[in-house]
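First comes the structure, then the notes that go with it.
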Amino acid sequence: MYSNEFLGLCYTLPDSWVYASDEELLEMVDAAISSDVLSDQTKLAAELGKSRTVYGMVAQDPVGGSSVQVMFMNLEGFARLSEDQLAEEIAAQQETLLSESPGVTLTMNDTYRAPLGGKNFLVLPIELNISGVMAEERIYLQLLDDYGVMIAVSALSDRDINTMEGGASAFAPLDGSAGVSGMLTAIGDIGRTFDTMFFDYTVVSAESPAEYDGYTAASGNKLLVVGVKVKNDFGRTLPMYDTDFQIQWGPGDYDYAWAVDAFNDKMMPLEWELANGKEVTYDMLFEVPAGQNDFSLVYLEEYTDRFGKDQVGDLYSADFTLLAAAGA
């Protein structure tokens, strides 16, 4: 087990994984700088960053190729960065380094917030194409004192990066607490963006608290709070409704629920407007069966065409599973 008091996190290494020794961690930056693939300018940038970047841990699955890296960047003396600005800096560095690697292309996706071991992180998702082999990376970012914390989780496309052994779910609070608000509470399509005809939507979090702002579930039910990010890329202002989204948990005629009507500013309103290019995140509160942990937040495209006829488009489904502690 790797533990770090500064972060307040620990990481449980799977039995089949290997980790880098302290000596190997110290050699990693030197290996990158001496690479014949990099230009002199990139080597200089890496050399300048060498004294500011420290590897806390590097672990890898030697068979499947998945890996986890914990890194710290010393930001003392720099202008105060926000986590969003730090994500932009990391994205630019990745693009610079990989642009000089033959056969490698990358795609940066929108950032989102997600818990990791009881801590709140900004996540930078990256897709890589390495000579035809697809891989994913999630870089969890947090500002802590004068340091930028970077935890990179990587996996080849044949592994589910959200659920794989040794990934984000292997992190926990250092004090061993369970059920703490903000812990990783669900796995599946958390953080995946669905591009619909009218807007993009992303389930950024899902948890089952005992109560929500004083609201408790009826007997036989439990609460499900789903954080939903919606971005308008349609070209004009969209009328929106909380009934655009439905929670489902099975094939039965009654295996679904609509959101509880909003009663605070964090919750998705019954009716609202989303301006073109704008992005918002709301909580959606549902009452669901107490013994159910597998859910889907679905959206069905419905619209009226130019001839005045009602049409139905594609169905989108963000599928996720509550972890046992969250669903208890």
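Here are a few things to note about the model shown:
- Amide hydrogen neighbours beyond the local backbone of GLY56, cut-off 5 Å, H modeled: VAL70, MET71, PHE72
- Linear extension gain, VAL312 paired with SER3, 0.36 nm per residue minus alpha-carbon span: 106.1 nm
- Long-range amide H partners of PHE121 with built H, under 5 Å: ALA114, LEU116
- Values of log10 I(q)/I(0) for the stretch 186-328 across q = 0.14, 0.22 Å⁻¹ run -0.66, -1.50, by the Debye formula with one identical scatterer at each alpha carbon and no solvent.
- Cβ-defined net charge surrounding GLN142, 11 Å radius [Lys, Arg +1; Asp, Glu -1]: 0
- Mean accessible surface per residue for the stretch 55-180, computed with a 1.4 Å probe while every protein chain stays in place, in Å²: 46
- Couplings for the stretch 118-132, taken from phi via the Karplus curve 6.51 cos²θ - 1.76 cosθ + 1.60 with θ = phi - 60°, read x, 10, 8, 10, 8, 10, 9, x, 10, 10, 10, 10, 10, 6, x Hz in order; Gly and Pro are left as x.
- GNM remark for the chain: springs join alpha carbons under 10 Å apart, and the peak mean-square fluctuation among GLU23, GLU83, GLU165 falls on GLU23.
- Proximal aspartates and glutamates to LYS278, defined as alpha-carbon separation beneath 14 angstrom and excluding residues fewer than eight positions away on the same chain: ASP110, ASP200, ASP233
- Each Lys or Arg adds one and each Asp or Glu takes one away; over the other residues whose Cβ falls under 14 Å from the Cβ of ASP189, this sums to -3.
- Hydrodynamic analysis of the chain uses the Kirkwood radius over alpha carbon pairs. Inserted into Stokes-Einstein at 4 °C and 1.567 mPa s, it gives a translational diffusion coefficient of 60 µm²/s.
The values are calculated or read from the model by the stated rules, or taken from the named source; none is laboratory data. None of these values were measured; they are calculated from a predicted model. Methodologically, a virtual Cβ is constructed for each residue, glycine included, from the backbone with ideal geometry; neighbour enumeration extends over all protein chains shown. We work out accessible area using only protein heavy atoms, side chains counted, and drop any ligands, DNA or RNA first. Shrake-Rupley method; radii C 1.70, N 1.55, O 1.52, S 1.80 Å.
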